[in-house]
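Each remark here refers to the structure printed beneath this line.
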Amino acid sequence: MNKAFVLGAGLGTRLRPLTDQLPKPLIPVFHKPLITCAFEHLLRAGVREFIVNTHHLPECYAEAFPTGEYHGAPITFRHEPVLLETAGGIANIADLVRNESFLVYNGDILTDLPLQPLLEEHAKGKNLVTLVLRSSGPSKHIAFDASSGTVTDIRGKLGTGDMGTHQFTGIYAVSPEFLNRLTPGKIESVIPVWLECIKRGERIGAVVADEGQWWDLGDRESYLDAHAALWGGVENGQLKYLADGLAPANVSFVSPKAEVHHSASLKGVNVISDGAVVGVNATLRDCILWPGAKVANLAFLNRCIVRSGMTAEGVLNGKDV
């Protein structure tokens, strides 16, 4: 598939105040915007063109991608003045994808799960939509029949009594025929649309991909925990997850462009970005400092995230600045 629709319009309410400054897909992960990890994953799968919907802080996308492309792949930004949710967002880009299947990828996930099984299953042409599932996870809401390769219910909404067996990853392939099931301009999620398709006997298919890593970075704890997990994947000075030839991650958890006073104490997993400043006798434990963040002299921070241009002072536990 040549095109991918990466969902970038969400409000990111669970990540506030971080998302008061950046849309959720642009929050930095080891010094790079989260959405670029999705782009790289998709490029490796053969995607050559991106579409990103925007709503909250749309100007930030223009600042992050001033040339309108990523590694040579053009990015089309489609703004939603009124947030349309997932089905509405897909309907809103119909003119950009009509007559060809395309991928949809949630902009707040971080994963290296294999995409080839999805591409192969969807290429068979039987499914309106093909989801990527995992057999474990915190939100097993998708009822999947492995014998037929179809989704049979979601959260038990169809009265099957099956509340779910698999976690939905936020990645799926869409056939152009599915666009005919959508109403342009309507604010709606894809979930009720999929359920209506299943009721009509139309195939909502799925593949299970348990290989690789998968994180939903929708809240601060998962954001911090993903950094800790990635820390464990350092090999020869690079993160195995992010080192991919497209944008090699020359991992320095403390950017060489940051200023960390020699008396400061760094404990656990700390990621300190360009232009960040850590003051005299400051202590950081499992913290993330965005570009230009500051930590005052004598401050003590535990599991904190400091945004660009902000200063953290005093004793802070589990607080974002």
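The values are calculated or read from the model by the stated rules, or taken from the named source; none is laboratory data. No experiment lies behind these values; they were computed from the predicted model shown. Counting neighbours? That spans all protein chains shown, and the Cβs are built from the backbone with ideal geometry, glycine included.
For the range 276-290, how many residues meet the condition of being part of a loop (DSSP other than H, G, I, E, B) and modelled with pLDDT under 95?
Restricting attention to the range 276-290, the residues satisfying the condition of being part of a loop (DSSP other than H, G, I, E, B) are 276, 279-282, 286-287, 290.
Keeping just the survivors that are modelled with pLDDT under 95 gives 286-287, 290.
Of the residues in that region, 3 qualify.
Residues 50, 77, 65, 30: which one is touching a strand residue (DSSP E or B) at 6+ places or on another chain (Cβ under 8 Å) and surrounded by fewer than 19 Cβ atoms within 10 Å (Cβ to Cβ)? Break it down into steps so the answer makes sense when it comes.
On the way: 50 fails: surrounded by fewer than 19 Cβ atoms within 10 Å (Cβ to Cβ); 65 fails: surrounded by fewer than 19 Cβ atoms within 10 Å (Cβ to Cβ); 30 fails: surrounded by fewer than 19 Cβ atoms within 10 Å (Cβ to Cβ).
Step by step, each of 50, 77, 65, 30 is checked, and only 77 is touching a strand residue (DSSP E or B) at 6+ places or on another chain (Cβ under 8 Å) and surrounded by fewer than 19 Cβ atoms within 10 Å (Cβ to Cβ).
Could you list, ordered by first residue, the pairs with Cβ atoms under 7 Å in which the first is in the range 45-63 and within 14 Å of residue 25 (Cβ to Cβ) and in contact (Cβ under 8 Å) with a residue 60 or more places away in the chain and the second is of a type in the set (D, E, K, R) and surrounded by 13 or more Cβ atoms within 10 Å (Cβ to Cβ), at least 6 apart or interchain?
So the pair list comes out empty.
Yes or no: residue 176 within 30 Å of residue 76 (Cα to Cα), in contact with a helix residue (DSSP H, G or I) (Cβ under 9 Å, 6 or more places away or on another chain), surrounded by fewer than 17 Cβ atoms within 10 Å (Cβ to Cβ) and of a type outside the set (Ser, Thr, Tyr)? Walk me through it before giving the result.
Values: within 30 Å of residue 76 (Cα to Cα): yes; in contact with a helix residue (DSSP H, G or I) (Cβ under 9 Å, 6 or more places away or on another chain): yes; surrounded by fewer than 17 Cβ atoms within 10 Å (Cβ to Cβ): yes; of a type outside the set (Ser, Thr, Tyr): yes.
Here the answer is yes, as residue 176 does meet what is asked.
Return only the number of the condition from (1) modelled with pLDDT of 95 or more; (2) within 25 Å of residue 9 (Cβ to Cβ); (3) surrounded by fewer than 14 Cβ atoms within 10 Å (Cβ to Cβ) that residue 72 does not satisfy.
Exception for residue 72: condition (1).
Consider residue 193 carefully, then state whether it is outside any helix (DSSP H, G or I), of a type in the set (A, V, I, L, M) and either closer than 28 Å to residue 2 by Cβ or in contact with a Ser or Thr (Cβ under 7 Å, 6 or more places away or on another chain) (or both). Give the derivation first.
Working: outside any helix (DSSP H, G or I): no; of a type in the set (A, V, I, L, M): yes; either closer than 28 Å to residue 2 by Cβ or in contact with a Ser or Thr (Cβ under 7 Å, 6 or more places away or on another chain) (or both): yes.
Taking the combined requirement at face value, the residue does not satisfy it.
From 11, 22, grab the single residue that is in a loop (DSSP other than H, G, I, E, B), surrounded by fewer than 19 Cβ atoms within 10 Å (Cβ to Cβ), more than 11 Å from the chain's Cα centre (by Cα) and not β-branched (Val, Ile, Thr).
Numbers: 22 fails: surrounded by fewer than 19 Cβ atoms within 10 Å (Cβ to Cβ).
So the residue among 11, 22 that is in a loop (DSSP other than H, G, I, E, B), surrounded by fewer than 19 Cβ atoms within 10 Å (Cβ to Cβ), more than 11 Å from the chain's Cα centre (by Cα) and not β-branched (Val, Ile, Thr) is 11.
Scan the range 268-293 and report the pairs whose first residue is acidic (Asp, Glu) and whose second residue is outside any loop (DSSP other than H, G, I, E, B), with Cβ atoms within less than 8 Å and a gap of 6+ or a chain change.
Sorted first by the residue in the range 268-293, then by its partner, the pairs are 286/224; 286/228; 286/267; 286/302.
Looking at (1) in contact (Cβ under 8 Å) with a residue 24 or more places away in the chain; (2) of a type in the set (Gly, Ala, Ser); (3) under 26 Å from residue 215 (Cα atoms), find the lone condition where residue 91 falls short.
Exception for residue 91: condition (3).
Name the pairs: first residue in the range 138-156 and under 28 Å from residue 221 (Cβ atoms) and not assigned by TED's automatic domain parsing to the domain that holds residue 195, second residue in a strand (DSSP E or B) and modelled with pLDDT under 95, Cβ to Cβ under 7 Å, at least 6 apart or on different chains?
Qualifying pairs under 7 Å: none.
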